[in-house]
Structure formats: C-alpha cells, structure tokens
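One structure is given here, and the rest of the page talks about it.
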Amino acid sequence: QVQLVESGGGLVQPGGSLRLSCAASGTISTIHVMGWYRQAPGKQRELVATITDRGRTNYGDSMKGRFTISSDNAKNTVDLQMNSLKPEDTAVYYCYLNSWGHNYWGQGTQLTVTS
C-alpha cells in the first residue's frame with residue numbers, strides 16, 4: 001500500500017507564496033510520476049503540475065510561470081512552490097503518484113487565497 005502525506009496548505013493573501021510538500025511511503029517499487037492536482041468547490045479536479053522520474057515537468061496552463069514543481073527521487077518527495085497566488089488558486093490540493101499504471105492520491109490540503 002502507498003501512502004501520500006501532504007503538508008503546507010493554509011491561508012495566504014493574493015500575491016503571496018506558499019510551498020506544498022508531499023511524502024510517499026509504503027510499498028513502492030518504482031515511481032514514474034509525482035505531482036499535484038487541485039479541486040475547487042463545484043469544479044472538476046484539474047492538473048496543477050507533474051514531474052516524471054526523469055525530471056520532465058508538465059503544468060496546467062494557469063500555473064505556468066507561477067508554480068514550480070520539484071522532486072527528490074531518493075526521498076520519494078515532491079514539492080510545489082507557488083508564487084503570485086490568486087484567489088482563483090483556492091482549492092484542495094492533492095498529491096498524486098503513478099507507479100506502473102496505478103494512481104495514488106493523498107488526502108488533500110486546503111489552500112485559501114484571500115485578502
């Protein structure tokens with residue numbers, strides 16, 4: 001079983017920054033992709049950013065230039081640095097991991113951007 005534990009959510013003002021972290025543990029043979037998705041109230045879950053085991057990154061369109069994803073393969077962790085935050089970034093952020101075609105999700109961490 002794979003567990004993903006997120007940390008770093010909270011309340012931030014527009015224009016502010018925040019860093020999310022996620023640590024994977026359990027029986028993991030190979031991690032192919034780690035990343036983040038988010039879901040705002042009344043909306044579908046959407047891609048924030050992913051990073052492959054080879055360091056290839058992919059970002060949602062509204063995150064490009066503001067968010068940066070990074071990972072530590074040795075520690076099975078993935079971080080998301082979020083800058084220039086906007087109220088529309090308010091959502092529950094879910095850590096994601098793919099291993100041999102199996103998708104795993106964290107419990108989610110709330111980010112609220114408000115003045």
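The values are calculated or read from the model by the stated rules, or taken from the named source; none is laboratory data. All values derive from a computational prediction rather than experimental measurement. Glycine gets a Cβ as well: all are built from the backbone with ideal geometry, and neighbour counts include every protein chain shown. Please note that ligands, DNA and RNA were not included when accessible areas were found on the heavy atoms of the full protein model with its side chains. Shrake-Rupley method; radii C 1.70, N 1.55, O 1.52, S 1.80 Å.
What net charge is computed for the residues neighbouring Leu111, neighbours being all others with C-beta under 15 Å from the C-beta of Leu111, Lys and Arg scored +1, Asp and Glu -1?
Here the charged neighbours net out to +1.
Mind checking which lysines have their C-alpha under 23 Å from Lys64, skipping anything on the same chain fewer than 8 residues away?
Partners within reach: Lys43, Lys86.
Taking the simple approach of a point 7 Å from Cα along Cα-to-Cβ for both Ser70 and Val5, what is their distance in nm?
2.2
Rounded to the nearest whole Å³, what is the per residue volume of the convex hull around the Cα atoms of the range 40-90?
Per-residue hull volume (Cα only) is 88 Å³.
Quick check on packing: order 50-56, 91-97 by the mean number of other C-beta atoms within 10 Å, highest mean leading.
Ranked by mean Cβ neighbours within 10 Å, highest first: 91-97, 50-56.
Once the other residues with Cβ under 15 Å from the Cβ of Ser7 are scored (Lys, Arg +1; Asp, Glu -1), what is the net sum?
Neighbour charge sum, excluding Ser7 itself: -1.
Using Cα-Cα distances under 8 Å and only pairs 6 or more residues apart, what relative contact order does the chain have, in percent?
37
Hey, what's the chain come to in accessible area per residue, 1.4 Å probe, Å²?
Computed with neighbouring chains in place, this is 55 Å² per residue.
I need the phi-derived Karplus couplings for the range 67-82: 6.51 cos²θ - 1.76 cosθ + 1.60, θ = phi - 60°, integer Hz, Gly and Pro marked x.
So the J values, rounded to whole Hz, are 10, 9, 9, 8, 9, 10, 5, 5, 9, 6, 10, 9, 10, 10, 8, 10.
Suppose each label sits 7 Å from its Cα in the direction of the beta carbon; what would the Ile28-Glu46 distance come out to in nanometres?
2.7
Using a 1.4 angstrom probe on heavy atoms only, work out the carbon and sulfur share of the accessible area of the range 1-64 in %.
Taking all protein chains in place, the range 1-64 shows 46 percent carbon and sulfur surface.
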